[in-house]
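The values are calculated or read from the model by the stated rules, or taken from the named source; none is laboratory data. All values reported here derive from a predicted model rather than from experimental measurement. Neighbour counts are summed over all protein chains in view; Cβ atoms, including those assigned to glycine, are modelled from backbone coordinates with ideal geometry.
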Amino acid sequence: MSVKNQFSKYAKDYNNHNIIQQIAAKALVRDIKGKPKNILEIGCGSGQVFKYIDWDIENYYAVDFSPSMCELHPRDKNIHINCFDFDSNDFFEFLENKKFDLVISSSAMQWSKDLKKLIKQLSNTTENINAVLFTSNTFKTIQNITDTKSPILSQENIKDAFSSIYECKFEVHNYNLEFENKKDLFDYIKKSGVSGDSSNLDFKNAKKLFKEYSLNYLEFEVIFINTVSKL
Ligand SMILES: C[S@@+](CC[C@H](N)C(=O)[O-])C[C@H]1O[C@@H](n2cnc3c(N)ncnc32)[C@H](O)[C@@H]1O
C-alpha cells in the first residue's frame, strides 16, 4: 500500500495511535522562538501541531497530500489548507514568491523522496525551519528480525540534507512505547502512520515476527532540527 493510501485508510484511527507524534509535535511547538505570524506547515495531518500553537497567527498554510487528513485539520479564515505532495512540482510552484517567518513539520518529512531538493525549495521561502522527523531506527528490532529495510530516511541522510543548506542544531531522542500484549503492539504499528509499506509483511515473515519479537515495547527514534542560519 502506498504511504498516501495508508494515511488515508487510517486517518480516523490516527488520533488514537499517535502518542509519539503528539509528544514530538508538542516539543516542536514549545521550541519555537518568538511568535511567528506567517507559518507554513508541511505534512500537517489532522492538525496536531496547529492545536499546540497558542498565539495569534496571520496566515497558517497547512499542506498534506492525504485528503482525509486535510479534512480533519482545524479550519478558520486565516488557515489555508492545501492538498499537495511536498515532493511535487505543484508544491514547488505554490512556494514561488512566498515568504514565511517559519516552516514547521512534525513526523512527516521522513517520507520525502528527495529531502535535499525539498529543503532547497523551502530555503527560498524562509530563514527558519523547525522540524522533527522519525528516523530509520524506528522499529529497528522488527527490521532485524524480518530482514527488511526501513522505508524512512536514516539519521545520516536527514542530517546531510539539512546541513547542505543550513547550519543546524540536531537533537536525537529515543522512545520505547510499552504494550500489554502483542496484538495491541502490532496493531499500533499499522495505524500509527510511521510504518509505510513495512507493515505489509508476507504471511511467513509476519508469523516469524510474531514468534520472535520478544520486546513488550516498540522502538521509536526521532530527530529534532532547528536551523540556525543559511550557509
Ligand atoms: C505521521 S503523520 C503526522 C501528521 C502531523 N504533522 C502530526 O504531527 O500529527 C504524517 C503526515 O504526513 C503526510 N505526508 C507524508 N508524505 C507526504 C508528502 N509527500 N506530501 C504531503 N504530505 C505527506 C501524511 O499524509 C500524514 O498526514
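See the values below:
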item: Criterion (over 15 Å from Met109 (Cα atoms), at pLDDT 95 or above and over 16 Å from the mean Cα position of the chain (by Cα)) met by exactly one of Glu171, Glu127, Glu156; result: Glu127
item: Those residues of segment 65-115 which are free of Cβ contacts under 8 Å to residues at least 24 places away in the same chain and among the small types (Gly, Ala, Ser), in sequence order; result: Ser88
item: Single match in Ser150, Ser154 (criterion: farther than 16 Å from Val63 by Cβ, of a type in the set (Ser, Thr, Tyr) and free of Cβ contacts under 8 Å to residues at least 40 places away in the same chain); result: Ser154
item: Failed item, numbered, when Phe86 is tested on (1) touching a Phe, Trp or Tyr at 6+ places or on another chain (Cβ under 8 Å); (2) under 23 Å from Ser163 (Cα atoms); (3) within 11 Å of the ligand (Cβ to nearest atom); (4) not in a loop (DSSP other than H, G, I, E, B); result: (4)
item: Test result for Ala161, surrounded by 14 or more Cβ atoms within 10 Å (Cβ to Cβ), at pLDDT 90 or above and among the small types (Gly, Ala, Ser); result: yes
item: Per-region count, segment 207-231, residues surrounded by 12 or more Cβ atoms within 10 Å (Cβ to Cβ), touching a residue at least 60 places away in the same chain (Cβ under 8 Å) and part of a loop (DSSP other than H, G, I, E, B); result: 2
item: Inter-residue pairs, beta-carbon under 6 Å, first more than 13 Å from Ile225 (Cα to Cα) and in segment 16-35, second at pLDDT 90 or above and hydroxyl-bearing (Ser, Thr, Tyr), 6+ apart; result: Ile20/Tyr175; Gln21/Ser107; Lys26/Tyr52
item: Scan of segment 96-122 for residues that are within 15 Å of the ligand (Cβ to nearest atom), surrounded by fewer than 22 Cβ atoms within 10 Å (Cβ to Cβ) and over 18 Å from Ala24 (Cβ atoms), ordered by number; result: Lys113, Asp114, Lys116, Lys117, Leu118, Gln121
